[in-house]
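**Q** Structure below; questions to follow.
Read-outs: derived from the displayed coordinates by stated rules, not from any lab. This is a predicted model, so every value here is computed, not measured. As a convention, Cβ positions derive from the backbone with ideal geometry for all residues, glycine included, and neighbour counts pool all protein chains shown.
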């Protein structure tokens, strides 16, 4: 079996003078797999993402990318690591003054491809990436002209432009109608298939999780109640997840 891309073991974290947010969380993600982290409000899902991105430092435990403990990295090394990780936010977080194409190509222009001879390659890559998320025809539109679902897809394309190994999805379908949610889940599966990227989907939406996840983590009050492959979760009694969301023992 292929070695894990990301391994998290015994992760503990609490904000200053506060109650524990994460207590002993562990998970594993391999290339080409999507892990769904399910949990309600206050379960620690967003804090977990902040720790994975290096925005917070765990009190205890380890985060390893391809076997390397990221806790030992210098700030400059974290910058390089973040280029291998991408994040798709709830609201898209686009630059409102830039077109769709400019938003997607922004990373390339800011990292050395801003001279005239590189611009045709930038446009080619932007169009290729927008094609993957079904928005090549919207390359010249402004974010204000897009629906919420389209903005999320542009956000995904902006992340994909630098070919990250791991993509973190932070409640990407919140506020979207069911048909748009289904469309975005299809985009996530396309990305997994075409780019062989690993994904972590943080969500409270069970339909989204079933649509894209290969593995699950059930998180409540900062603790892992259950983790394993999707097939194992489906084989559990039908009321297992309902008990989880109601806060009952599994």
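**Q** Which value in Å is the Kirkwood Rh of the chain over different Cα pairs?
**A** 18.9 Å
**Q** What does the extension gain come out to for residue 66 and residue 189, with contour length at 0.36 nm per residue minus their alpha carbon separation?
**A** 42.0 nm
**Q** I've got another one for you. Once fully extended, how much extra length lies between residue 10 and residue 182, figured as 0.36 nm per residue of separation less the alpha-carbon to alpha-carbon distance?
**A** 58.6 nm
**Q** Cut-off 16 Å, label point 7 angstrom out along Cα-to-Cβ of residue 30: give me the residues of region 230-249 whose amide nitrogen falls inside.
**A** 230-232
**Q** Grab the Cα-Cα distance for residue 221 and residue 147, subtract it from 0.36 nm times how many residues apart they are, and report the gain in nm with one decimal.
**A** Length gained between residue 221 and residue 147: 23.3 nm.
**Q** So, one more: How big is the equivalent ellipsoid of region 98-231 along its three axes, where each semi-axis is √(5λ) from the Cα gyration tensor, reported in whole Å from largest to smallest?
**A** Rounded to whole Å, the semi-axes are 30, 17, 12.
**Q** Here's something else I'd like to know. Can you tell me the 0 to 90 degree angle between the C-alpha axis of helix 148-160 and the longest principal axis of the chain, rounded to 10?
**A** Long axis of 148-160 versus the principal axis of the chain: about 80 degrees.
**Q** So what is Rg over Rh here for region 1-128, counting just Cα atoms and using Kirkwood for Rh?
**A** The Rg/Rh ratio comes out at 1.04.
**Q** Given the -39500 (n - 2.57) contribution per DSSP H run of 4+ residues, what per-residue ellipticity at 222 nm results for the chain, rounded to the nearest 500 deg cm²/dmol?
**A** Value at 222 nm, helices only: -10500 deg cm²/dmol.
**Q** For the Cα atoms of the chain, what angle does the longest principal axis make with the long axis of helix 100-110, in degrees from 0 to 90, nearest 10?
**A** The angle comes out at about 90 degrees.
**Q** Between the helical axis of 119-132 and the dominant principal axis of the chain, each derived from Cα atoms, what acute angle in degrees is found, rounded to the nearest 10?
**A** 40 degrees
**Q** Tell me, what is the FRET efficiency for residue 84 and residue 19 to the nearest 0.05, using R0 = 45 angstrom and their Cβ-Cβ distance as r?
**A** 0.90
**Q** I'd like the FRET efficiency for residue 231 and residue 131, computed as 1/(1 + (r/R0)^6) with the beta carbon distance as r and R0 of 30 Å, rounded to 0.05.
**A** So, using R0 = 30 Å, E works out to roughly 0.40.
**Q** Next question, about the same structure. Name the residue, out of 55, 216, 184, whose mean-square fluctuation peaks in a Gaussian network model built on the chain with Cα pairs under 10 Å.
**A** 55
**Q** By the gyration tensor of its Cα atoms, with a ≥ b ≥ c the square roots of the eigenvalues, what is the shape of region 90-174: rounded for a/c under 1.5, prolate for a/b over b/c, or oblate?
**A** Verdict is prolate for region 90-174.
**Q** Percent of Cα-Cα pairs more than 17 Å apart in region 171-250, please.
**A** 50 percent
**Q** Starting from the Cα of residue 124, step 7 Å along the direction of its Cβ; do the same at residue 73; then give the gap between the two resulting points in nm.
**A** About 3.0 nm, to one decimal.
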